[in-house]
Amino acid sequence: MIKDQVLSILLDAKKEYVSGEAMAEKLGVSRMAVNKAVAQLREEGIDIMAVPKKGYFLGSDDVFNEVSVLRYLDPEVKLFFHNAVEGSTNDVAKRIELDYKKPFVVVTDHQTGGRGRLGRRFESPSGGLYFSLCLPREYLTKAGLITTAAAVAIAETLKDISGLEFSIKWVNDVYLAGKKCTGILTEGVVDLELGGLEAAIIGIGINVNTKEDELISLYGKATGLFIETGKVFNRAEILGLAVSKVMAVLKEDFLPRYRKLCFLLGHGIERRAKDGTAREGIVSGIDDEGYLVISYPDGSEEHFSSAEVTISLNDGEQNYILNTF
Ligand code: BTN
């Protein structure tokens, strides 16, 4: 499509001017056809600026559509791009009629039913990056460690892109400046004939260019790249890098990196059980299964596979609480 080719030329030019004539010549089409393509792209919401006698250029660093995403995505991964998703990208991924033999990713700018851990809602306004990467069994590590690997991959990708420091709140929240900026929800596709995991759907939501007022319900708890820097980031690039990184990290020795990134280690923590009992301990490690290890003053320790750490502020001091189920 001429429209996609025009967009590719403008993306290649970064923010330099390209004249309509040069584009027409390059594509072997008329000036009229280029004008029409520019009008169509603008209708789709792409900010194309025009200066007489100089030409066109892209007004935004964040062109986020199928054409821009394909420029960065590993060609091995099939793309399903949606401007918007009614519901959740994880659910869209589950409904895709593929046989789960090849990696694919469902991507959107916003979703109405973003899902988080523990049946919670995940706020997913426009400007964020929401995707579900479906990986067949041979790409995966142990089921319980898939989210752990993805958290390392996202923290490292976002650092590479922005130069900012990210950390991880066990088990799956990536933090920036003391607040959550990414959530990860991994769901399995079970092979009913052979038993075991056939594929995993790794759902990742990152507050990239999200504005602060759109996360109002999470005020004080959530942040994002734009909120912290005032800079607009290229979501297509982040997606491409993140997908490749998740696939790479799953094959690597990622637990030492996870331990370094996990900011809970060494902190005092109150472990609260469902029956209301509480015990004071210290977060002493992440074991080889990715479980959180709490050590108690009497020398005993407990390993938790799934629980939730909450952080509360008391007289300016952070208190860590582990709610076990
Ligand atoms: C959490 O923080 O509890 C996990 C949030 C996971 C959100 C992502 S956004 C893409 C994918 N689609 C969803 O509905 N959830 C995940």
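Taking region 89-111, which residues are near the ligand (Cβ under 9 Å from one of its atoms), closer than 18 Å to GLY188 by Cα and of a type in the set (Ser, Thr, Tyr)? Of everything in region 89-111, just one residue is near the ligand (Cβ under 9 Å from one of its atoms), closer than 18 Å to GLY188 by Cα and of a type in the set (Ser, Thr, Tyr), namely THR89. Can you tell me which residue within region 185-198, out of those that are within 15 Å of the ligand (Cβ to nearest atom) and not β-branched (Val, Ile, Thr), is nearest to the chain's Cα centre (by Cα)? Applying the filter and picking the extreme gives LEU185.
So that you can scan it fast, the table gives a plain yes or no per residue for (1) modelled with pLDDT under 95; (2) small (Gly, Ala, Ser); (3) in contact with a Leu (Cβ under 9 Å, 6 or more places away or on another chain):
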site: LYS231; (1), (2), (3): no, no, yes
site: ILE238; (1), (2), (3): no, no, yes
site: VAL243; (1), (2), (3): no, no, yes
site: VAL246; (1), (2), (3): no, no, yes
site: PRO256; (1), (2), (3): no, no, no
site: CYS262; (1), (2), (3): no, no, yes
site: GLY268; (1), (2), (3): no, yes, no
site: ASP275; (1), (2), (3): yes, no, no
site: GLU280; (1), (2), (3): no, no, no
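Evaluating ILE227 against the criteria (1) over 19 Å from LYS169 (Cβ atoms); (2) in a helix (DSSP H, G or I) leaves one unmet condition, (1).
Among the residues of this structure, LEU158 counts as one that is touching a Cys at 6+ places or on another chain (Cβ under 9 Å), part of a helix (DSSP H, G or I) and either modelled with pLDDT of 95 or more or within 15 Å of the ligand (Cβ to nearest atom) (or both).
Given the residues ALA199, ALA248, which is the only one that is buried (at least 21 other Cβ atoms within 10 Å of the Cβ) and either β-branched (Val, Ile, Thr) or within 23 Å of ASN90 (Cβ to Cβ) (or both)? Being buried (at least 21 other Cβ atoms within 10 Å of the Cβ) and either β-branched (Val, Ile, Thr) or within 23 Å of ASN90 (Cβ to Cβ) (or both) holds for just one of ALA199, ALA248, which is ALA199. Apart from one condition, SER217 fits all of (1) within 15 Å of the ligand (Cβ to nearest atom); (2) assigned to a loop (DSSP other than H, G, I, E, B); (3) exposed (fewer than 15 other Cβ atoms within 10 Å of the Cβ); the exception is (2).
Helices (runs of 4 or more DSSP H) fully within region 2-81 that include at least 1 residues being surrounded by fewer than 14 Cβ atoms within 10 Å (Cβ to Cβ): 2-12, 20-27, 31-43. The set of residues in region 181-202 being assigned to a strand (DSSP E or B) and of a type outside the set (Val, Ile, Thr) consists of CYS181, GLY183, LEU185, GLU187, GLY188, LEU197, GLU198, ALA199, ALA200. Taking (1) in contact (Cβ under 8 Å) with a residue 60 or more places away in the chain; (2) away from the ligand (no atom under 14 Å from the Cβ); (3) among the hydrophobic types (A, V, I, L, M, F, W, C); (4) part of a loop (DSSP other than H, G, I, E, B) in turn, VAL208 satisfies each apart from (2).
Residue pairs whose Cβ atoms lie under 6 Å apart, sitting 6 or more positions apart in sequence or on different chains, and linking a residue in region 172-190 that is farther than 17 Å from ILE227 by Cα to a partner that is of a type in the set (Val, Ile, Thr) and more than 7 Å from the ligand (Cβ to nearest atom), are ASN172/THR147; ILE184/THR147; THR186/ILE146; THR186/THR147; THR186/ILE202; GLU187/ILE201.
Of all residues in region 86-107, those satisfying the criterion of being within 30 Å of ALA307 (Cβ to Cβ) and in a strand (DSSP E or B) are VAL105, VAL106.
Taking region 93-126 as the range and being farther than 20 Å from ASN207 by Cβ and over 16 Å from the mean Cα position of the chain (by Cα) as the test, the residues that pass are LYS94, ARG95, ILE96, GLU97, LEU98, ASP99, TYR100, LYS101, LYS102, PRO103, GLY119. Condition first: in contact with a Phe, Trp or Tyr (Cβ under 9 Å, 6 or more places away or on another chain) and of a type in the set (Val, Ile, Thr). Can you find one or more residues in region 247-265 that meet it? The answer is no; no qualifying residue exists. So, in region 112-137, of the ones that are in a loop (DSSP other than H, G, I, E, B) and among the polar types (S, T, N, Q), which residue ends up farthest from the ligand (Cβ to nearest atom)? That would be SER126.
Let's see how each residue does on (1) surrounded by fewer than 14 Cβ atoms within 10 Å (Cβ to Cβ); (2) under 23 Å from the mean Cα position of the chain (by Cα); (3) outside any loop (DSSP other than H, G, I, E, B):
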residue	(1), (2), (3)
TYR258	no, yes, yes
GLY266	yes, no, no
GLY281	no, no, yes
GLY290	no, yes, no
GLY299	yes, no, no
GLU302	no, no, yes
SER312	yes, no, yes
ILE321	no, no, yes
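The values are calculated or read from the model by the stated rules, or taken from the named source; none is laboratory data. Quick caveat: nothing in here was measured; it's all calculated off a predicted structure. Cβ atoms come from the backbone with ideal geometry, glycine included; neighbour counts cover every protein chain shown.
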